[in-house]
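Scroll down for the structure; my scribbles are underneath it.
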Amino acid sequence: MEYQFTNPEFLKLLYLLPLFWVTAILGYRRVSIVRTVFAILLRTLVFLPIVLVLAGFGWEEKSKRDMNAVFLMDMSDSISPESKEWMWEYVKDTEKHMGKKIKKSLVFFGGESRIITPQFKNDLQLEKVREKSTELPISTDRTNISSGIMATLGMMPEDSSRMVVLLSDGNENIGDALRAARLAANNDIKVFTVSAPTQKKSEIYIKTINVPKDVTEGETFDIQVVVENKNETAVKGSVTVHQEENLLKEWKREFKSGVNVFEVPYKGEKKGFAKFVANISVEDRDTDSDVRNNKKITFVNITGKARILYIRGSNRKKSFIPEALKDKTITVDIKSPSKIPRTLEAYLEYDCLIFSNVSIKSLNKKQLDLIKKYVKDFGGGFVMTSGDNVFAKNGYSDTAIEEILPVKIVGGAPPKEEKRTRLSIILIIDKSGSMLGKKMLFAKKASIELIKQLTKNDQFGIVAFDTSPYVVLPLQPIDQGKKELIRKLSKLRADGGTDIFPALDIAHKQLVQTDAKANHVILLSDGNTRSIYYQYGALISKLKQANITVSTIALGKWLVNTKLLQDIANKTKGNFYQISDIIKLPRLIIQDSEKFISQSDFHEVHFYPIMSQKSQILRGIYKDQLPPLKGYTMTEAKDNAEVPLTTDITGKLDPILANWRYGLGKTVIYSSDADARWSSKWINWSKFDKFWSQIVHWAMRDISKTDYNLEVEAENGFTSLLIESSRGLEEDAKMSVSFLTPEDDGEELNLKQIAPQSFTTALHDIVPGTYMLKIAKIRDKKVVDLKIKGFLVPETVVSKPQEYADLGNNVPVLKGIAAISGGIYNPTKEELRVEEKEITRIRDLARYLIPLAMILFIFDIAVRKYNRQLA
């Protein structure tokens with residue numbers, strides 16, 4: 001026996017004992033030494049158990065593992081009554097030989113499994129169990145060995161030595177017994193297999209149709225029909241294979257005794273489930289005792305290549321991106337904006353959606369929301385290119401599309417709309433007493449110079465302020481304002497105090513009423529203001545939301561509130577200046593306004609993009625290889641967006657190429673076009689195909705790390721779905737499964753876990769047809785893996801003749817189950833054993849130490865009370 005501590009760090013508390021002893025001795029100076037020592041010892045004994053409990057004090061205890069065995073009996077119709085009787089006798093004899101050292105349980109299976117004795121017992125009392133077992137509902141027209149093995153996994157204690165004794169003919173027609181055996185082996189469970197005795201009959205039947213479960217669209221595969229002749233002589237007959245109603249192949253021949261194999265190639269050209277039917281007929285009916293097994297049906301899921309939906313927004317006949325995506329692994333469907341899908345189901349047929357210069361007018365709100373859901377919840381990719389149809393005002397701004405993009409579209413309207421206001425600008429002038437003399441003179445001169453820079457499509461206004469605001473010139477078209485400007489400026493006099501806030505608020509209210517492509521304010525002041533600093537926060541937020549930029553010019557070097565002026569400029573994405581030479585003011589205002597005059601939707605000027613950061617999208621492309629562009633749509637990168645390509649021709653970095661992850665999907669925007677208007681040099685660039693191929697491959701839906709096997713089962717009039725995962729769930733993860741409907745993802749299915757990687761769920765009131773499932777793994781309320789997978793519910797979910805298709809014992813399956821799990825096929829009674837392993841358990845002493853500490857504590861209280869009475 002060895003002692004141990006699970007939390008030894010708490011033993012450091014014992015270092016406090018000497019301090020406690022010294023304190024106690026000083027406190028008991030008037031008490032006798034014996035009483036002092038006794039009191040200290042008693043309290044030390046109270047303290048010690050508490051420390052030992054915190055430190056996890058215990059001892060290791062070795063013991064033998066319990067041994068448990070499950071008898072797994074096949075009750076399907078392929079087992080004759082005589083064979084079932086033999087199986088009962090086998091269980092009876094084997095149970096007696098095992099003795100009481102091994103605890104036992106009994107499980108039946110057919111199409112599904114039933115646990116007959118849920119608790120492990122030394123004596124199964126088989127006679128009583130056998131009488132009651134006839135009353136249990138179990139479908140016998142199928143054999144699902146996998147279901148039986150899975151049932152044993154869930155009922156056997158983990159800290160025991162475990163084995164399963166499987167009695168069956170091995171003729172499974174539902175599930176995957178070998179896969180279940182691997183799960184048993186992973187859980188340290190040995191499966192011993194025992195084959196039931198069989199009776200010979202004159203029989204010929206279709207043993208199986210071998211086809212792949214999933215193939216890719218355009219792939220050719222073989223349909224293999226296996227016919228087994230149980231007769232001792234050859235039998236004349238024919239075999240046919242149909243795909244739906246189409247005859248693929250017919251063979252007329254003699255079937256030799258034993259196995260006969262027939263193959264026909266088939267090319268999967270249409271995406272979806274393909275149904276294949278094999279039939280056999282014989283001339284001599286006496287050689288075929290059961291015709292129910294002469295027909296077999298199977299299905300193949302034909303999956304498509306990676307599919308891209310390209311929406312062409314321009315009227316140009318040639319589309320350059322689809323040409324760049326010519327790839328054997330990708331199919332590109334080119335459609336006009338009027339053909340944009342209107343159901344979620346239609347979007348899910350594609351791995352990526354590309355909008356090329358598509359106008360917002362082509363979409364309704366429902367379509368916008370579906371695209372957002374397609375990307376966020378289903379991992380779809382979305383790529384958008386700009387052009388003369390993509391703009392912000394009455395466009396993509398504040399829509400679901402802008403929400404999923406890595407940028408905010410800040411422009412207004414196409415450049416050809418000459419009547420559209422290009423720029424609205426308001427000059428705010430401080431007219432307080434500090435502006436006397438040259439300052440006011442040059443402020444007026446700057447106003448006149450600024451108005452000269454504007455065109456007829458611009459608007460201009462002036463607001464002056466001291467402690468109150470004065471609208472010198474209301475915001476109006478420039479050709480109207482010129483006539484009034486000089487007259488109204490001549491009346492402007494410097495006097496009074498200073499309060500910036502009301503004047504800036506008036507400018508905001510005037511600018512939000514305009515439809516200009518860019519709105520800008522220039523504020524001239526020393527920054528000293530009566531309004532409290534924190535009051536400006538809400539106003540600055542309003543300015544930012546309205547895309548109004550504010551440049552501030554601090555006049556002078558002394559007694560200037562530069563902090564306020566810098567904050568206003570920085571937070572609204574304007575510029576801050578400070579000048580001491582007032583003569584430079586007019587030129588500075590012109591310089592600032594020129595930068596913001598250029599802010600419209602489109603910049604149509606020859607420029608080279610800047611490669612601003614490394615990106616997987618630009619792998620193998622270098623900055624000196626990039627051709628020039630002629631224009632782009634104005635956008636602003638969002639936080640956390642990756643911006644591989646930019647331009648600085650407006651004085652700041654504007655995104656040309658930006659990408660990010662949104663929910664489960666990925667989105668990319670290329671703010672230039674993919675046509676000859678702005679990208680004429682790019683479409684002839686040698687790297688054009690590589691550039692767009694890498695963009696689209698990056699954006700495409702991620703391939704799930706997990707594959708799922710879906711099996712539809714029917715029992716007692718109820719249909720269920722078995723979901724087997726290729727990977728287990730992590731401890732902190734859960735699985736969510738829901739149907740996909742044409743409009744949305746449906747109600748979540750109620751899953752029951754029957755094994756570490758297997759789940760089942762009931763399919764209530766389901767009708768025959770094809771269905772799509774959304775299978776998600778969720779951790780911390782976030783989807784970490786997603787798979788969209790289809791399955792088929794046939795008109796007859798499980799064909800009745802399946803159970804009669806195989807006669808005799810399927811020895812390879814039984815031997816395979818035993819070999820995989822470490823068991824033995826047809827073992828002797830002596831070989832039916834598992835290793836009796838020793839296990840080490842940690843016995844926690846807390847249940848003894850805590851009561852001891854409580855008793856000693858109570859005793860300590862009693863002693864102290866007694867001492868006080870003596871005193």
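The values are calculated or read from the model by the stated rules, or taken from the named source; none is laboratory data. Here the structure is a predicted model, which means the values were calculated and not measured. Cβ: placed from backbone, ideal geometry, glycine included. Neighbour counts: every protein chain shown. SASA here: full protein model, heavy atoms, side chains in, ligands and nucleic acids out. Shrake-Rupley method; radii C 1.70, N 1.55, O 1.52, S 1.80 Å.
Yes or no: R701 over 25 Å from S146 (Cβ atoms), buried (at least 17 other Cβ atoms within 10 Å of the Cβ) and charged (D, E, K, R)? So R701 passes the test.
For Y15, the criteria (1) open to solvent by 70 Å² or more (accessible area, probe 1.4 Å); (2) under 30 Å from M150 (Cα atoms); (3) aromatic (F, W, Y) hold in every case but one, which is (2). Scan the range 547-586 residue by residue and report those that are open to solvent by 80 Å² or more (accessible area, probe 1.4 Å), free of Cβ contacts under 8 Å to residues at least 60 places away in the same chain and in a helix (DSSP H, G or I). K563, N570, K571, K584 - these are the residues of the range 547-586 that are open to solvent by 80 Å² or more (accessible area, probe 1.4 Å), free of Cβ contacts under 8 Å to residues at least 60 places away in the same chain and in a helix (DSSP H, G or I).
Total residues in the range 120-161 satisfying the condition of being in contact (Cβ under 8 Å) with a residue 12 or more places away in the chain, among the polar types (S, T, N, Q) and either under 30 Å from L710 (Cα atoms) or open to solvent by 10 Å² or more (accessible area, probe 1.4 Å) (or both): the figure is 9.
From the list S202, S238, the one residue that fits, being closer than 30 Å to E82 by Cα and either open to solvent by 10 Å² or more (accessible area, probe 1.4 Å) or in a strand (DSSP E or B) (or both), is S202. Between S598, S593, the distinction of being open to solvent by 20 Å² or more (accessible area, probe 1.4 Å), at pLDDT below 80 and among the hydroxyl-bearing types (S, T, Y) belongs to S598 only. No other residue among F255, F221 is buried (at least 18 other Cβ atoms within 10 Å of the Cβ) and among the hydrophobic types (A, V, I, L, M, F, W, C) apart from F255. For the range 156-171, the candidate set comprises residues that are at pLDDT 85 or above and not in a loop (DSSP other than H, G, I, E, B); within that set, the residue that is farthest from L722 (Cα to Cα) is S161. Applying a threshold of 7 Å to beta carbon distances and a minimum spacing of six or more residues, or different chains, the list of pairs starting in the range 676-689 at a residue that is closer than 17 Å to S356 by Cβ and ending at one that is of a type in the set (V, I, T) reads A676/I683. Confirm whether N315 is farther than 18 Å from G665 by Cβ, surrounded by fewer than 19 Cβ atoms within 10 Å (Cβ to Cβ), at pLDDT 90 or above and among the polar types (S, T, N, Q). Answer is no for this residue.
For (1) part of a strand (DSSP E or B); (2) on the phi > 0 side of the Ramachandran plot; (3) surrounded by 24 or more Cβ atoms within 10 Å (Cβ to Cβ); (4) hydrophobic (A, V, I, L, M, F, W, C), each residue gets a yes or a no:
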| residue | (1), (2), (3), (4) |
| --- | --- |
| L489 | no, no, no, yes |
| L492 | no, no, no, yes |
| G497 | no, no, no, no |
| F501 | no, no, no, yes |
| L504 | no, no, yes, yes |
| Q510 | no, no, no, no |
| T514 | no, no, no, no |
| L524 | yes, no, yes, yes |
| Q535 | no, no, no, no |
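Cβ-Cβ distances below 7 Å connect the following pairs, each with a first residue in the range 514-526 that is within 20 Å of Q566 (Cβ to Cβ), a second residue that is assigned to a loop (DSSP other than H, G, I, E, B) and of a type in the set (A, V, I, L, M), and a separation of six or more residues or different chains: D526/L559; D526/V560. Does the range 291-307 include one or more residues that are at pLDDT 90 or above, more than 30 Å from L325 (Cβ to Cβ), among the aliphatic types (A, V, I, L, M) and open to solvent by 40 Å² or more (accessible area, probe 1.4 Å)? No - not one qualifying residue is present in the range 291-307.
Across the range 82-107, what is the number of residues that are among the small types (G, A, S) and open to solvent by less than 10 Å² (accessible area, probe 1.4 Å)? Of the residues in that region, 2 qualify.
Do the conditions hold for G58, that is, is it of a type in the set (G, A, S) and surrounded by 16 or more Cβ atoms within 10 Å (Cβ to Cβ)? Yes. Within the range 108-119, if we keep just the residues that are open to solvent by 40 Å² or more (accessible area, probe 1.4 Å) and either touching a Gly at 6+ places or on another chain (Cβ under 7 Å) or modelled with pLDDT under 85 (or both), the residue that is farthest from N171 (Cα to Cα) turns out to be Q119. Quick one: is N294 within 30 Å of N826 (Cβ to Cβ) and of a type in the set (S, T, N, Q)? In short, no.
Considering only the range 734-767, state which residues are closer than 22 Å to K373 by Cβ, at pLDDT below 80 and open to solvent by 30 Å² or more (accessible area, probe 1.4 Å).
Listed by number, the residues that qualify are T741, P742, E743, D744, D745, E747.
On the basis of being among the β-branched types (V, I, T), outside any helix (DSSP H, G or I) and touching an Asp or Glu at 6+ places or on another chain (Cβ under 8 Å), does T646 make the cut? Criteria met by T646.
I'm trying to understand the selection: among the residues of the range 527-546, which are of a type in the set (S, T, N, Q) and free of Cβ contacts under 8 Å to residues at least 12 places away in the same chain? Result: S541, Q545.
I'm checking my understanding of the structure. Among residues of the range 633-653 that are at pLDDT 90 or above and among the acidic types (D, E), which one is surrounded by the fewest Cβ atoms within 10 Å (Cβ to Cβ)? I'd like the intermediate steps shown before the answer.
Applying the first criterion (at pLDDT 90 or above) to the range 633-653 yields 636-647.
In the following step, the residues that additionally are among the acidic types (D, E) were identified as 636, 639, 642.
On the way: E636: 16, D639: 6, E642: 19.
Selected residue: D639.
The criterion of being at negative phi and out of contact with any Ser or Thr (no Cβ under 9 Å at 6 or more places or on another chain) does not hold for V235. Would you mind stating whether T343 is open to solvent by 10 Å² or more (accessible area, probe 1.4 Å), among the hydroxyl-bearing types (S, T, Y) and either within 16 Å of V383 (Cα to Cα) or at pLDDT below 85 (or both)? Spelling it out, it is not the case that T343 is open to solvent by 10 Å² or more (accessible area, probe 1.4 Å), among the hydroxyl-bearing types (S, T, Y) and either within 16 Å of V383 (Cα to Cα) or at pLDDT below 85 (or both). The residue that is surrounded by the fewest Cβ atoms within 10 Å (Cβ to Cβ), counting only those in the range 322-339 that are touching a strand residue (DSSP E or B) at 6+ places or on another chain (Cβ under 6 Å) and aliphatic (A, V, I, L, M), is I334. Selection within the range 821-860: residues that are surrounded by fewer than 14 Cβ atoms within 10 Å (Cβ to Cβ) and touching a Gly at 6+ places or on another chain (Cβ under 7 Å). The member of this set that is modelled with the lowest pLDDT is I842. Within the range 429-439, one or more residues are at pLDDT 85 or above, surrounded by 24 or more Cβ atoms within 10 Å (Cβ to Cβ) and either of a type in the set (A, V, I, L, M) or within 30 Å of N364 (Cβ to Cβ) (or both).
Do any strands (runs of 3 or more DSSP E) lying entirely in the range 264-323 carry at least 2 residues that are without any contact (Cβ under 8 Å) to a residue 60 or more places away in the chain and over 16 Å from H242 (Cβ atoms), and which ones are they?
By residue number, 306-312.
Within the range 372-415, the set of residues being in a loop (DSSP other than H, G, I, E, B), under 22 Å from A546 (Cβ atoms) and either open to solvent by 10 Å² or more (accessible area, probe 1.4 Å) or modelled with pLDDT under 75 (or both) comprises F391, S397, D398, T399, V410, G411, G412, A413, P414.
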